[in-house]
Amino acid sequence: MTRPPIQLQPVIERGLLVGVAFKGQPALFSLEDSLDELERLAETAGVTVVGRMTQTLERPNPATLIGKGKLEELVQRVKAEDIQVVIFDEELSPRQQREIEKAIDDENVKVLDRTALILDIFAQHAHTKEGALQVELAQYEYRLPRLTRAWTHLARQAGGRAGGATGGVGVRGPGETQIEIDRREISRKIAQLKRELEEVRAHRERYRARRRQSHLPLAALVGYTNAGKSTLINALTPAQVRAEDKLFATLDPTTRKMTLPSGREALITDTVGFIQKLPTDLVAAFRATLEEILEADLILHVVDASHPNALEQALTVEEVLDDLGAAHIPVVVAFNKIDLLPDRQLPPELRGDYPDAVAISALKGWGLDALLARIEAELIARMTPVEVFIPYDKGDLVDMFHTYGVVEAIEHRGDGVRIRGRLPVTLVGRFEPYERVA
């Protein structure tokens with residue numbers, strides 16, 4: 001049977017980052033900024049970065065991504081600087097990974113790419129069954145075409161599903177026959193995980209159906225990783241979600257009630273943090289979780305205003321939302337961490353591009369009243385305007401209108417109540433028989 005991915009004991013490994021820029025290909029992040037982020041990812045995964053290499057190319061080398069001379073330089077640096085992990089900022093094809101490993105020719109040196117690193121971090125931070133399944137599927141799908149070496153640093157199994165941990169670095173596989181056996185076993189495992197995830201997806205859909213019956217509006221909290229989403233949900237609700245100054249500190253979604261300025265309640269759900277070059281397989285594996293965004297009445301986009309790449313991070317989140325098909329959902333932008341800004345003032349470029357954004361500090365509690373008022377105003381605007389006449393013997397509908405809707409005008413008459421206002425779309429059908437004015 002195929003060995004499950006090895007789970008390594010926490011160790012400090014020396015890492016070398018490799019970044020490549022391609023001429024004529026525009027990028028939101030500069031090469032150095034992208035490598036800065038990759039270094040934070042590496043540190044989150046337990047790697048100490050001791051050096052960087054960069055190259056600008058017309059096009060990627062199909063065999064090794066980087067050029068021949070740069071590869072020779074990489075091999076020399078790995079030996080001279082006692083490098084244990086080489087991390088590429090671009091996703092490596094299976095062929096490129098094989099050729100780079102062959103050039104380094106040292107089984108104690110691991111070659112990873114950004115995708116592998118993110119999968120590793122996700123595996124560490126997935127604590128629910130759903131999260132573990134989603135990460136495990138993405139890991140196996142990533143690993144399937146790369147079965148030329150044993151499981152390496154990246155091969156942690158999400159949620160401890162693999163059983164006990166094993167230390168040390170993997171060695172080369174026993175041969176082509178074993179690789180074929182492994183490939184068949186992993187294909188079987190992928191099929192099994194997809195079946196399990198469909199069950200999870202069906203369960204989540206049933207949960208959504210029950211939630212819709214509550215008629216409470218839903219705001220989806222999105223943002224770049226480490227923008228402060230967990231801190232914000234803790235400030236707006238009694239959630240007490242784990243909040244740390246780390247990339248992807250929380251992974252599993254959390255839904256809680258929050259109270260709006262009028263006293264009405266709404267739901268807010270935290271989602272997976274986004275990042276540039278988010279692996280396609282991971283987006284696909286997390287489909288059930290990300291569908292929470294598509295169910296929302298409102299998207300609350302949290303941006304770390306103190307980050308030097310705040311604008312680029314905001315644009316990255318917007319691109320992911322577009323890819324998910326969420327462009328039609330209204331968005332409220334909250335510029336977080338203003339307590340870290342000089343004089344608490346937003347940079348002109350942020351205010352210029354997002355003039356309607358709300359400036360807040362989730363940690364300090366600044367601006368939260370204004371944010372909640374803005375959220376409520378957007379949710380009310382999304383409700384359906386109605387005008388109804390409800391007989392007195394249907395008093396439960398009057399109570400429902402007051403509880404879940406917005407009453408703009410009310411008139412008590414001899415045989416009933418005329419109400420003009422707004423209702424959640426989920427309730428409009430209940431009032432259709434009374435859509436008239438007596």
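Nothing in this text is a laboratory measurement; each read-out follows from the coordinates by a stated rule. Note that the structure is a prediction, hence the values are computed from the model and not measured. Cβ placement follows ideal geometry from the backbone for every residue including glycine, while neighbour counts extend to all protein chains displayed.
For segment 383-434, what are Rg and Dmax over the alpha carbons, in angstrom?
When restricted to the Cα atoms of segment 383-434, Rg and Dmax are 9.8, 29 Å.
Could you work out the relative contact order of segment 216-380? I mean the mean sequence separation of Cα pairs under 8 Å and 6+ apart, divided by the number of residues, in percent.
25
Most exposed first by the Cβ proxy, i.e. fewest other Cβ within 10 Å, how do Val428, Val302, Val417 rank?
Listing Val428, Val302, Val417 from fewest to most nearby Cβ atoms yields Val428, Val417, Val302.
What percent does the relative contact order of segment 383-434 come to when contacts are Cα pairs within less than 8 Å and at least six residues apart?
Rounded, it is 48 percent for segment 383-434.
Need one number: nm distance between label points at Lys257 and Ser30, each 7 Å from Cα along Cα→Cβ, rounded to one decimal.
Output for this residue pair reads 4.9 nm.
Only Cα pairs within less than 10 Å get springs; with that Gaussian network setup on the chain, which residue of Arg114, Arg14, Arg413 has the largest fluctuation?
Sorting by GNM fluctuation, first place goes to Arg413.
List the GluC sites (Glu not before Pro) within segment 353-437 that DSSP assigns to loop and that have no more than 12 neighbouring Cβ atoms inside 10 Å.
Answer in residue order: Glu435.
Of all beta bridges DSSP finds with both residues in the chain, what is the antiparallel percent, to the nearest 5?
Roughly 40 percent of the beta bridges in the chain run antiparallel, per DSSP.
Where does each of Val398, Val18 land when they are ranked from fewest to most other beta-carbon atoms within 10 angstrom?
Taking fewest neighbouring Cβ atoms as first place, the list is Val398, Val18.
Counting Lys +1, Arg +1, Asp -1, Glu -1, what net charge surrounds Gly51 among other residues with beta carbon under 10 Å of its beta carbon?
That sum, taken over residues with Cβ under 10 Å, equals +2.
How much FRET efficiency would the formula 1/(1 + (r/R0)^6) give for His127 and Ala284, where r is the Cβ-Cβ distance and R0 is 25 Å, rounded to 0.05?
Approximately 0.75, to the nearest 0.05.
Could you list Ser262, Ser93, Ser214 in order of exposure, starting from the residue whose Cβ has the fewest other Cβ atoms within 10 Å?
Ordered from fewest to most neighbouring Cβ atoms within 10 Å, Ser262, Ser93, Ser214 come out as Ser262, Ser214, Ser93.
As an exercise, use a Förster radius of 51 Å and the Cβ-Cβ distance of Asp106 and Leu340 to find the FRET efficiency, rounded to the nearest 0.05.
Approximately 0.75, to the nearest 0.05.
Using alpha carbon centroids, what distance separates segment 198-216 and segment 389-431, in Å?
Comparing the Cα centres of segment 198-216 and segment 389-431, I get a distance of 27 Å.
Under the rule of -39500 (n - 2.57) per DSSP H run of 4 or more residues, summed and divided by the residues of the chain, what mean residue ellipticity at 222 nm is obtained, to the nearest 500 deg cm²/dmol?
Result for the chain: -13000 deg cm²/dmol, rounded to the nearest 500.
Which of the listed residues, Tyr392, Val317, Ala370, is farthest toward the dipole's positive end in segment 287-396, when Lys, Arg count +1 and Asp, Glu count -1 at the beta-carbon?
Ala370
Give the Rg/Rh ratio for segment 318-408, taking Rg as the radius of gyration of the Cα atoms and Rh as the Kirkwood radius, to two decimals.
1.15
Under a cut-off of 22 Å between alpha-carbon atoms, report the lysines in cross-link reach of Lys70, not counting same-chain residues fewer than 8 places apart.
Qualifying lysines at Cα under 22 Å: Lys23, Lys79, Lys102, Lys110.
Using alpha carbons only, how many angstrom separate the centre of segment 314-333 from the centre of segment 16-71?
That distance is 27 Å.
For q values of 0.15, 0.26 Å⁻¹, compute log₁₀ I(q)/I(0) with the Debye formula on a Cα-only model of segment 46-117, without solvent.
-0.45, -1.52
List, in order, the whole-Hz ³J(HN,Hα) value for each residue of segment 202-210 obtained from phi through the Karplus relation with A = 6.51, B = -1.76, C = 1.60 and θ = phi - 60°; use x for Gly and Pro.
5, 4, 5, 5, 5, 5, 4, 4, 5
Of the beta bridges DSSP finds with both residues in segment 216-380, what % are antiparallel, to the nearest 5?
25
So what is the relative contact order of the chain, in percent, for Cα pairs below 8 Å that sit 6 or more residues apart?
12
Give, rounded to the nearest 20 debye, the magnitude of the charge dipole that segment 370-438 has about its Cα centre when Lys and Arg contribute +1 at Cβ and Asp and Glu contribute -1 at Cβ.
Charge dipole, segment 370-438, about its Cα centre: 140 debye, nearest 20.
What residues have an amide H closer than 5 Å to that of Asn61, excluding those fewer than 5 places away on the same chain, when H is modeled at 1.01 Å from N in the peptide plane?
Residues meeting the amide H criterion: Ile66.
Taking a point 7 angstrom from the Cα of Glu199 along the C-beta vector, which residues in segment 117-138 have backbone N less than 18 Å away?
What the label zone holds, given the 18 Å backbone N cut-off, is 128-138.
By average Cβ neighbour count within 10 Å, what is the ranking of 103-109, 277-283, 368-374 from highest down?
Per-residue mean Cβ counts within 10 Å order the peptides as 277-283, 368-374, 103-109.
Under 16 Å from a label point 7 Å along Cα→Cβ of Asp353: give me every residue in segment 15-36 with its amide N that close.
Correct set: 26-31, 33-34.
Return the sequence-ordered ³J(HN,Hα) values of segment 302-308 in whole Hz as given by the Karplus equation 6.51 cos²θ - 1.76 cosθ + 1.60 applied to θ = phi - 60°, using x for Gly and Pro.
9, 10, 7, 5, 7, 7, x
Excluding same-chain residues fewer than 8 positions from Lys337, which aspartates and glutamates have a Cα within less than 16 Å of its Cα?
Answer for Lys337, where 16 Å is the Cα cut-off: Glu244, Asp245, Asp304, Asp369, listed by chain and number.
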